[in-house]
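Here is the structure we will look at.
FYI, it's all coordinate maths here, none of it is from the lab. Note that the structure is predicted; figures quoted are calculated from it, not measured. Cβ: placed from backbone, ideal geometry, glycine included. Neighbour counts: every protein chain shown.
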Amino acid sequence: MKKCKGLPLAIVTIGGFLAKQSKTPMEWKKLNSHIGAELEMNEGLRNIKSVLSKSYDGLPYHLKPCFLYLSIFPEDQDIKRNRLVHRWIAEGYSTEVLGKSAAEIAESHFMELIDRSMILPNKTTYFSQKVINSCQVHDLMREISISKAAEENLVFRLEEGCSSNTNGTARHLTISANWKGDEADFESMVDVSRIRSLTVFGKWRPFFISDKMRFLRVLDLQDTSGLCNHHLEHIGKLLHLRYLSLRGCRDSRLSNAFWYSCAERCGESEGLAHTRSSTQVDIGSGNAQIKEIKRLTQLRKLQVTGINKKNCDEFCSALEALSCLESLSMSSSGNQDDLSYLSDAVFSCPNNLRTLTLFSFLGKMPAWIMHLRNLVKVRLMCTHLTDSDGTMQLLGNLPSLAILHLWSYTFDVEGLCLDFLPEAFPCLVALDLCSAHRRAGQGEIKSVEFKQGTAPKLEMLEFSYRRDVIINDGLFSGLASLRSLKKFQLGIRSFEGKEAFVEHVRAQLALNQNRPVLI
């Protein structure tokens, strides 16, 4: 049943086949481990592959390459929706048509493959809503995908068991975690001058990438281990690169050499303008990085450190050019830099911004945040804001804000009182508060009050504290008025008076008609 994943034809066919086999664990284990080979060799199962192949043959022309592209990923891989969609766009499988953006077209391809049962949706509960954030490929459909992709010389899978005689001239190269060959093996198997995408699973080795990859459009190193900064110093020479992912790679950043290389060939190629990168950039050491950030007009996610008085205006100017930016994280470089210069900056932040993280000294909340109508998530930490009322009013007026994290040292106010006013936070569904002890009690939350009519959609409230914080039992008030609240989570250890505090919270939750639970 697990292998069939609910596919009726697979259940009936394989079930009928198993009924005629010896009822021994060895036979069943063999089938489970070698289902692909059994489909090819066993007359009883060959019919199912023929029927499933017709499902592929019946796909519209625009969906066939999208489906075959899935053979890049390992068996049982949880393939993130955004990762797949952005890769399709970079490959040119989705382009703007009749006013619809390439992203909208790619999203429709994804949903159509689900509707046709070519891929299996993985639904997750995002508070009260079911959303499809990822997908998997049925084992049997994956066999079809691998077979067809090999026939069309589309995908070459470098994995255990590959021989040196393998013809590695496909457009897409995927390197499996179980491949243990050396550089000589790699060069004998793969013609890197032809590939358009490189995807690495498992351990990275420097010879995987070469400046001979002149047609490379996608470089996906997500969750790769062993990757170091100097391994990426020549990727600026990849003129057609449109998608770059370093998500999950520890200690890997785009080096200065990358940005300087981009600057040198600024007018040579438009390829980098379409690059989508998820990585961290330190702009504190020079302006070359800022100039090149400005040219990455399709960038979706950006993490920046090193913002200071000298580069703040130029950086803000670069941000204005990133119309596709959805996630922005800004922090200091750990020296004397801070983000206070952003507070008074006058510029238009990208309208598509959905996630904003500020992790350094601000002093006061930037006014430009009030114009971010599509902002869904805000995370603040070590910002040391001195106007708590003004900050809460600004955040409460954001029409799309759904997730708010006010972590340690967000505020630098003695006797901090957080008031959630009526009609404020109309879309907030998750709130995470952390009380932190600082000199003379500054930054330590003294009270949190939810007025009637505030945060009508709030479902999850989490509260934690730093060591040595004094917590009074009446810290929270108005919990009964939160009509959508489902869970109150305490991320706190034992402290003096905890029992009274918990009882006070529990009493308020008991008055809430939604009957939220205390965890």
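Observations on the model:
- With the simple spin-label model, which puts each label point 7 Å out from Cα in the Cβ direction, the residue 112 to residue 462 separation comes to 3.9 nm.
- Cα-centred dipole magnitude for the range 376-519, charges only on beta-carbon of K, R (+1) and D, E (-1), debye, nearest 20: 500 debye
- Protection proxy ranking, peptides 341-347, 198-204, average beta carbon neighbours within 10 Å, highest first: 198-204, 341-347
- Full-stretch length increase - residue 323, residue 124 - with 0.36 nm per residue and alpha-carbon distance subtracted: 68.8 nm
- For the peptides 390-400, 65-75, the ranking by mean Cβ contacts within 10 Å, running from highest to lowest, is 65-75, 390-400.
- Applying 0.36 nm per residue to the separation of residue 352 and residue 215 and subtracting their alpha-carbon distance, the gain on full extension is 46.3 nm.
- Theoretical FRET efficiency, 1/(1+(r/R0)^6), r = Cβ-Cβ of residue 239 and residue 511, R0 56 Å, to 0.05: 0.30
- Ordering of 505-512, 116-123 by burial proxy (mean other Cβ atoms within 10 Å per residue, highest first): 116-123, 505-512
- The range 376-519: Cα Rg divided by the 2.2 N^0.38 Å rule of thumb: 0.97
- The label point for residue 449 and the one for residue 393, both projected 7 Å from the Cα toward the Cβ, are 1.6 nm apart.
- Added length on full extension, which subtracts the Cα-Cα distance from 0.36 nm per residue, residue 160 to residue 364: 67.8 nm
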